[in-house]
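Report on the structure given below.
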Amino acid sequence: MNGPHPLLTYFLDAADGRFPPADGQVTVLPPLAYGLECSVAFTAHAVIATALPAAEVHAQGPDGYGGSMAPDFLRHLAGPKGWIGETDAVLVARGLSGPPRLPPRRDADDHPRVRYARELRTDVSVYGDERGLVTLASGLAGRRELSIELASPDGASAGAGRSLLRAALTLVPAGEPVFAAVSPGNARSLRAFLAAGFTPIGSEAIVRPGRWVWG
């Protein structure tokens, strides 16, 4: 596919408060790059990026009221041998003005957070300080995506995640959107993102179907 993936427009519109119609329907788009597919749920509307024919997708009965995230539907997308990621909340914030407040980190290539980012994203850059690590990358559908990992989550002082996230937002051009995918079960992380000014816009699950063969 030449040019941006059409799913990117949905994310950017949602960041500006423009959402798909809350009609319970499902929009089917082409698959993502690198053999990935996904199901994204906005309020009462789902968007699915897949190589499966739209008729086959609709025949499985997904809907915009949660059916697009049902385990049986995600397993159909993935196939019996495919990989299904977590169902994450999708959050968005805006870059902050001022000089960058985190230095690059060139000693973290083997960190699990960095390895995971590079499995699913491209153009991954790593920053951080004594509080922890930050990755900035080109993520789902080409959106700018951020993730963090505290150096010592159990021993972190109150507000450490929030302060690291606010510092991370200075790495993004002022006013430009940056997205994050956060597991709702990681309540501590979710609270930190919300306290740092991130806003929920939907949820998503990434799939790497077993029907793809990689050499």
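The values are calculated or read from the model by the stated rules, or taken from the named source; none is laboratory data. No experiment lies behind these values; they were computed from the predicted model shown. Cβ coordinates were reconstructed from backbone atoms using ideal geometry, including for glycine residues, and neighbour counts include every protein chain displayed. When the accessible area is computed, the model is the full protein with side chains, heavy atoms only, and any ligands, DNA or RNA have been set aside. Shrake-Rupley method; radii C 1.70, N 1.55, O 1.52, S 1.80 Å.
Computed values, structure above
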| quantity | calculated |
| --- | --- |
| Selected residue (only one of 138, 152, 183, 157 is under 17 Å from residue 113 (Cα atoms), among the hydroxyl-bearing types (Ser, Thr, Tyr) and at pLDDT below 95) | 152 |
| Test result for residue 169, farther than 30 Å from residue 31 by Cβ, open to solvent by less than 40 Å² (accessible area, probe 1.4 Å), touching a strand residue (DSSP E or B) at 6+ places or on another chain (Cβ under 9 Å) and not hydroxyl-bearing (Ser, Thr, Tyr) | yes |
| Checking residue 59 against (1) open to solvent by 40 Å² or more (accessible area, probe 1.4 Å); (2) touching a residue at least 60 places away in the same chain (Cβ under 8 Å); (3) among the aliphatic types (A, V, I, L, M), the condition it does not meet | (2) |
| Residue within the range 129-138 that is part of a strand (DSSP E or B), of a type outside the set (A, V, I, L, M, F, W, C), closer than 29 Å to residue 4 by Cα and without any contact (Cβ under 8 Å) to a residue 60 or more places away in the chain present | yes |
| Residue in the range 67-78 that is buried (at least 17 other Cβ atoms within 10 Å of the Cβ), assigned to a loop (DSSP other than H, G, I, E, B) and in contact with a Gly (Cβ under 7 Å, 6 or more places away or on another chain) present | no |
| From 147, 125, residue being assigned to a strand (DSSP E or B) and surrounded by 18 or more Cβ atoms within 10 Å (Cβ to Cβ) | 147 |
| Those residues of the range 79-100 which are under 22 Å from residue 28 (Cβ atoms), assigned to a loop (DSSP other than H, G, I, E, B) and either of a type in the set (Gly, Ala, Ser) or open to solvent by less than 50 Å² (accessible area, probe 1.4 Å) (or both), in sequence order | 79, 82 |
